[in-house]
1. Given R₀ = 25 Å, what would the calculated FRET efficiency be for ASN235 paired with SER182, taking r from the Cβ atoms and rounding to 0.05?
2. Kirkwood hydrodynamic radius, computed over distinct alpha-carbon pairs, for the chain: how many Å, to one decimal?
3. Which percent of the accessible area of segment 38-124 is formed by carbon and sulfur heavy atoms (probe 1.4 angstrom)?
4. Out of segment 88-179, which trypsin sites (Lys or Arg not before Pro) are coil in DSSP terms and have no more than 13 other C-beta atoms within 10 Å?
5. Per residue, what volume in Å³ does the Cα convex hull of segment 17-105 take up?
6. Taking only protein heavy atoms and a 1.4 Å probe, what accessible area per residue, in Å², does segment 15-73 have with all protein chains in place?
7. Any chance you could run the full-extension gain for THR162 through GLU38? It's 0.36 nm times the residue separation minus the Cα-Cα distance, nm to one decimal.
8. Let me check against my output: what whole-number percent is the relative contact order of segment 62-170, with C-alpha pairs under 8 Å and at least 6 apart?
Amino acid sequence: GVNNYTISSNGALTLEEYYNNAKGVLDNPSSTIEALNEQKNILESVVSLLEINQPEVDKFYRLRCVGGQMYVSADISDERFEMQGQNYSNPAHMFMYDGTALLSYSQGLYMNHQNFNAVGTKSTVAFTEAANGVKGQYNIKVGTRYVYGRGNTQNNHIDSGTGSPTSATENGYNWWLEEVTSLPVTVSSVGYATLYAPVALEIPTDVIAYVGVQVDNYLDLTDIKEVTGGVIPANTGVILEAKQGTYN
(Lines give C-alpha, C1' and ligand atoms only; values in the text may rest on other atoms or scores of the structure.)
Protein backbone atom coordinates (compact mmCIF):
# COMPACT_ATOMS: atom_id res chain seq x y z
CA GLY A 1 0.00 0.00 0.00
CA VAL A 2 1.00 3.64 -0.49
CA ASN A 3 2.98 5.40 2.27
CA ASN A 4 4.44 1.98 3.22
CA TYR A 5 7.60 0.15 2.24
CA THR A 6 8.65 -3.11 0.60
CA ILE A 7 12.07 -4.73 0.84
CA SER A 8 13.94 -4.72 -2.45
CA SER A 9 14.48 -7.99 -4.31
CA ASN A 10 18.04 -8.50 -3.00
CA GLY A 11 16.77 -9.05 0.54
CA ALA A 12 17.39 -12.71 1.48
CA LEU A 13 14.39 -12.91 3.84
CA THR A 14 11.02 -11.25 4.18
CA LEU A 15 10.58 -8.31 6.54
CA GLU A 16 8.60 -10.52 8.91
CA GLU A 17 11.42 -13.09 9.01
CA TYR A 18 14.06 -10.44 9.75
CA TYR A 19 11.83 -9.03 12.50
CA ASN A 20 11.10 -12.43 14.07
CA ASN A 21 14.79 -13.36 14.07
CA ALA A 22 15.73 -10.15 15.84
CA LYS A 23 12.88 -10.42 18.33
CA GLY A 24 13.85 -14.00 19.14
CA VAL A 25 17.36 -12.89 20.06
CA LEU A 26 16.06 -9.91 22.02
CA ASP A 27 13.58 -11.97 24.02
CA ASN A 28 16.12 -14.70 24.85
CA PRO A 29 17.56 -14.03 28.35
CA SER A 30 20.76 -15.83 27.44
CA SER A 31 21.50 -13.74 24.33
CA THR A 32 24.91 -12.10 24.35
CA ILE A 33 25.73 -8.50 23.55
CA GLU A 34 27.49 -9.78 20.45
CA ALA A 35 24.32 -11.53 19.26
CA LEU A 36 22.23 -8.43 19.90
CA ASN A 37 24.69 -6.23 18.01
CA GLU A 38 24.67 -8.68 15.13
CA GLN A 39 20.87 -8.40 14.85
CA LYS A 40 21.11 -4.61 15.13
CA ASN A 41 23.54 -4.52 12.21
CA ILE A 42 21.31 -6.84 10.18
CA LEU A 43 18.22 -4.67 10.79
CA GLU A 44 20.13 -1.51 9.85
CA SER A 45 21.16 -3.12 6.57
CA VAL A 46 17.54 -4.21 5.98
CA VAL A 47 16.34 -0.63 6.43
CA SER A 48 18.68 0.42 3.63
CA LEU A 49 16.92 -2.08 1.34
CA LEU A 50 13.45 -0.67 1.94
CA GLU A 51 11.81 1.10 -1.00
CA ILE A 52 8.72 3.25 -0.65
CA ASN A 53 5.74 1.75 -2.44
CA GLN A 54 4.58 3.34 -5.68
CA PRO A 55 0.93 4.12 -6.45
CA GLU A 56 -0.79 1.43 -8.48
CA VAL A 57 -1.56 1.98 -12.15
CA ASP A 58 -5.17 2.94 -12.96
CA LYS A 59 -6.06 3.67 -9.35
CA PHE A 60 -7.28 6.99 -8.00
CA TYR A 61 -5.55 8.92 -5.21
CA ARG A 62 -5.79 12.12 -3.21
CA LEU A 63 -2.58 14.09 -2.62
CA ARG A 64 -2.39 15.45 0.95
CA CYS A 65 0.42 17.82 1.90
CA VAL A 66 2.20 17.20 5.20
CA GLY A 67 2.65 20.94 5.61
CA GLY A 68 -0.82 22.39 6.18
CA GLN A 69 -2.68 19.03 5.97
CA MET A 70 -4.49 20.16 2.81
CA TYR A 71 -5.28 18.47 -0.51
CA VAL A 72 -4.42 19.30 -4.11
CA SER A 73 -7.60 20.32 -5.91
CA ALA A 74 -8.10 20.48 -9.67
CA ASP A 75 -9.95 23.75 -9.06
CA ILE A 76 -7.81 26.63 -10.30
CA SER A 77 -7.06 29.97 -8.61
CA ASP A 78 -4.28 32.37 -9.57
CA GLU A 79 -3.68 30.01 -12.54
CA ARG A 80 -2.63 27.22 -10.15
CA PHE A 81 -4.19 24.21 -8.48
CA GLU A 82 -5.88 25.15 -5.23
CA MET A 83 -5.09 23.62 -1.84
CA GLN A 84 -8.31 22.71 -0.03
CA GLY A 85 -9.40 21.10 3.22
CA GLN A 86 -10.53 17.51 3.59
CA ASN A 87 -13.51 16.52 1.47
CA TYR A 88 -13.33 12.86 0.54
CA SER A 89 -16.27 13.09 -1.86
CA ASN A 90 -14.96 16.07 -3.84
CA PRO A 91 -14.13 14.83 -7.36
CA ALA A 92 -11.64 17.68 -7.78
CA HIS A 93 -9.41 15.99 -5.18
CA MET A 94 -9.13 12.73 -7.15
CA PHE A 95 -6.31 11.95 -9.55
CA MET A 96 -5.72 8.72 -11.44
CA TYR A 97 -2.16 7.43 -11.82
CA ASP A 98 -1.71 5.91 -15.28
CA GLY A 99 1.85 4.69 -14.70
CA THR A 100 3.53 7.88 -15.85
CA ALA A 101 1.19 10.79 -15.10
CA LEU A 102 -1.73 11.99 -12.98
CA LEU A 103 -5.13 12.53 -14.60
CA SER A 104 -7.81 14.67 -12.93
CA TYR A 105 -11.10 12.82 -12.40
CA SER A 106 -13.15 16.02 -12.48
CA GLN A 107 -11.41 17.67 -15.45
CA GLY A 108 -10.15 14.79 -17.57
CA LEU A 109 -6.84 16.62 -17.99
CA TYR A 110 -3.30 15.67 -16.97
CA MET A 111 -1.60 17.40 -14.06
CA ASN A 112 1.31 19.71 -14.69
CA HIS A 113 3.45 20.89 -11.78
CA GLN A 114 1.12 23.83 -11.03
CA ASN A 115 -1.93 23.43 -13.28
CA PHE A 116 -3.01 21.37 -16.30
CA ASN A 117 -1.07 20.27 -19.33
CA ALA A 118 -2.30 21.27 -22.74
CA VAL A 119 -4.74 18.77 -24.22
CA GLY A 120 -2.89 15.80 -25.68
CA THR A 121 0.24 16.17 -23.57
CA LYS A 122 1.20 15.00 -20.12
CA SER A 123 4.08 15.39 -17.68
CA THR A 124 5.87 12.44 -16.13
CA VAL A 125 5.26 12.19 -12.38
CA ALA A 126 7.79 10.55 -10.04
CA PHE A 127 7.00 9.58 -6.44
CA THR A 128 10.19 9.35 -4.36
CA GLU A 129 10.83 8.90 -0.66
CA ALA A 130 10.91 12.26 1.12
CA ALA A 131 14.43 13.66 0.89
CA ASN A 132 14.48 14.57 4.58
CA GLY A 133 14.21 10.86 5.45
CA VAL A 134 10.83 11.04 7.19
CA LYS A 135 9.24 7.61 6.76
CA GLY A 136 5.94 7.22 4.92
CA GLN A 137 6.18 10.51 3.01
CA TYR A 138 6.82 11.31 -0.65
CA ASN A 139 8.33 14.07 -2.70
CA ILE A 140 6.39 14.48 -5.96
CA LYS A 141 8.39 15.48 -9.02
CA VAL A 142 6.37 16.53 -12.07
CA GLY A 143 8.57 17.07 -15.09
CA THR A 144 11.61 18.91 -13.74
CA ARG A 145 9.96 20.50 -10.68
CA TYR A 146 8.93 19.36 -7.20
CA VAL A 147 5.35 20.06 -6.14
CA TYR A 148 5.03 22.32 -3.10
CA GLY A 149 1.78 22.72 -1.17
CA ARG A 150 1.65 26.25 0.16
CA GLY A 151 -1.31 25.40 2.39
CA ASN A 152 -1.70 28.76 4.10
CA THR A 153 -4.69 31.07 4.23
CA GLN A 154 -3.15 33.77 2.03
CA ASN A 155 -1.87 31.58 -0.82
CA ASN A 156 -4.00 28.44 -0.95
CA HIS A 157 -2.53 27.03 -4.14
CA ILE A 158 0.36 24.75 -5.02
CA ASP A 159 3.77 25.96 -6.11
CA SER A 160 6.84 24.13 -7.37
CA GLY A 161 10.61 24.26 -7.01
CA THR A 162 13.51 23.06 -9.14
CA GLY A 163 15.84 22.10 -6.30
CA SER A 164 15.60 18.79 -4.45
CA PRO A 165 13.99 19.40 -1.04
CA THR A 166 16.23 18.21 1.80
CA SER A 167 15.40 20.24 4.91
CA ALA A 168 13.33 18.58 7.63
CA THR A 169 11.38 21.84 7.92
CA GLU A 170 10.25 21.82 4.27
CA ASN A 171 7.02 19.95 4.92
CA GLY A 172 5.37 21.76 2.02
CA TYR A 173 7.35 19.44 -0.27
CA ASN A 174 6.25 16.31 1.59
CA TRP A 175 3.07 14.39 0.73
CA TRP A 176 0.91 11.47 1.75
CA LEU A 177 -1.12 9.53 -0.82
CA GLU A 178 -4.65 8.43 0.04
CA GLU A 179 -6.34 5.77 -2.06
CA VAL A 180 -9.80 6.69 -3.37
CA THR A 181 -12.31 3.88 -2.83
CA SER A 182 -15.36 5.39 -4.55
CA LEU A 183 -15.98 7.80 -7.41
CA PRO A 184 -18.83 10.34 -7.23
CA VAL A 185 -21.14 10.42 -10.26
CA THR A 186 -23.80 13.13 -10.62
CA VAL A 187 -27.09 12.29 -12.33
CA SER A 188 -28.90 15.35 -13.67
CA SER A 189 -32.60 16.15 -13.51
CA VAL A 190 -33.22 14.27 -16.77
CA GLY A 191 -32.29 11.07 -14.92
CA TYR A 192 -29.25 9.96 -16.90
CA ALA A 193 -25.45 10.20 -16.80
CA THR A 194 -22.57 8.68 -18.75
CA LEU A 195 -19.51 7.05 -17.20
CA TYR A 196 -16.25 5.53 -18.38
CA ALA A 197 -13.60 4.44 -15.86
CA PRO A 198 -10.35 2.46 -16.04
CA VAL A 199 -11.37 0.47 -12.95
CA ALA A 200 -14.26 -1.90 -12.20
CA LEU A 201 -17.01 -0.19 -10.20
CA GLU A 202 -19.80 -1.50 -8.01
CA ILE A 203 -23.24 -0.23 -9.07
CA PRO A 204 -24.97 1.59 -6.19
CA THR A 205 -28.50 0.79 -5.09
CA ASP A 206 -31.17 2.62 -7.11
CA VAL A 207 -28.85 2.99 -10.12
CA ILE A 208 -29.21 1.02 -13.37
CA ALA A 209 -26.27 0.80 -15.77
CA TYR A 210 -26.67 0.09 -19.48
CA VAL A 211 -23.97 -0.89 -21.92
CA GLY A 212 -24.01 -0.55 -25.69
CA VAL A 213 -21.55 -1.42 -28.41
CA GLN A 214 -18.49 0.80 -28.41
CA VAL A 215 -17.63 1.99 -31.90
CA ASP A 216 -14.45 4.07 -32.06
CA ASN A 217 -15.12 6.88 -29.55
CA TYR A 218 -18.89 6.48 -29.59
CA LEU A 219 -21.46 4.27 -27.89
CA ASP A 220 -23.97 2.65 -30.25
CA LEU A 221 -27.36 2.77 -28.50
CA THR A 222 -29.37 0.67 -30.96
CA ASP A 223 -28.96 -2.41 -28.79
CA ILE A 224 -28.26 -1.40 -25.20
CA LYS A 225 -28.40 -3.98 -22.41
CA GLU A 226 -28.54 -3.68 -18.64
CA VAL A 227 -25.27 -4.50 -16.88
CA THR A 228 -25.78 -7.57 -14.71
CA GLY A 229 -23.86 -8.84 -11.71
CA GLY A 230 -23.75 -5.47 -9.94
CA VAL A 231 -20.35 -4.45 -11.35
CA ILE A 232 -19.41 -2.19 -14.27
CA PRO A 233 -16.32 -3.73 -15.91
CA ALA A 234 -13.18 -1.64 -16.24
CA ASN A 235 -12.79 0.38 -19.45
CA THR A 236 -16.48 0.09 -20.30
CA GLY A 237 -18.62 3.05 -21.29
CA VAL A 238 -22.08 2.96 -19.69
CA ILE A 239 -25.25 5.01 -19.39
CA LEU A 240 -26.57 5.35 -15.84
CA GLU A 241 -30.25 5.75 -15.06
CA ALA A 242 -31.27 7.07 -11.62
CA LYS A 243 -33.07 9.86 -9.81
CA GLN A 244 -31.30 13.20 -9.72
CA GLY A 245 -28.41 13.21 -7.25
CA THR A 246 -24.82 12.18 -6.64
CA TYR A 247 -23.97 8.50 -6.28
CA ASN A 248 -20.74 6.88 -5.09
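The values are calculated or read from the model by the stated rules, or taken from the named source; none is laboratory data. These numbers were taken from a predicted model, which means no experiment stands behind them. In this analysis, Cβ positions are derived from the backbone assuming ideal geometry, glycine residues included, and neighbour counts consider all displayed protein chains. Accessible surface is based on the protein model in full, side chains and every heavy atom, while ligands, DNA and RNA are left aside. Shrake-Rupley method; radii C 1.70, N 1.55, O 1.52, S 1.80 Å.
1. On the way: r = 18 Å, r/R0 = 0.73.
Approximately 0.85, to the nearest 0.05.
2. Working: mean 1/r = 0.0478 Å⁻¹.
Value: 20.9 Å, from the Cα pair sum.
3. Details: 2000 of 4170 Å².
It is 48 percent, rounded to a whole number.
4. Values: sites: LYS122, LYS135, LYS141, ARG145, ARG150; in loops: LYS122, LYS135, ARG150.
The qualifying sites are LYS135.
5. Numbers: hull volume 15.3 nm³, N = 89.
Roughly 172 Å³ of hull volume per residue.
6. Working: 3520 Å² over 59 residues.
Accessible area per residue, segment 15-73: 60 Å².
7. Between THR162 and GLU38, full extension yields 40.5 nm more.
8. Details: 224 pairs, mean separation 26.1, N = 109.
For segment 62-170, the relative contact order is 24 percent.
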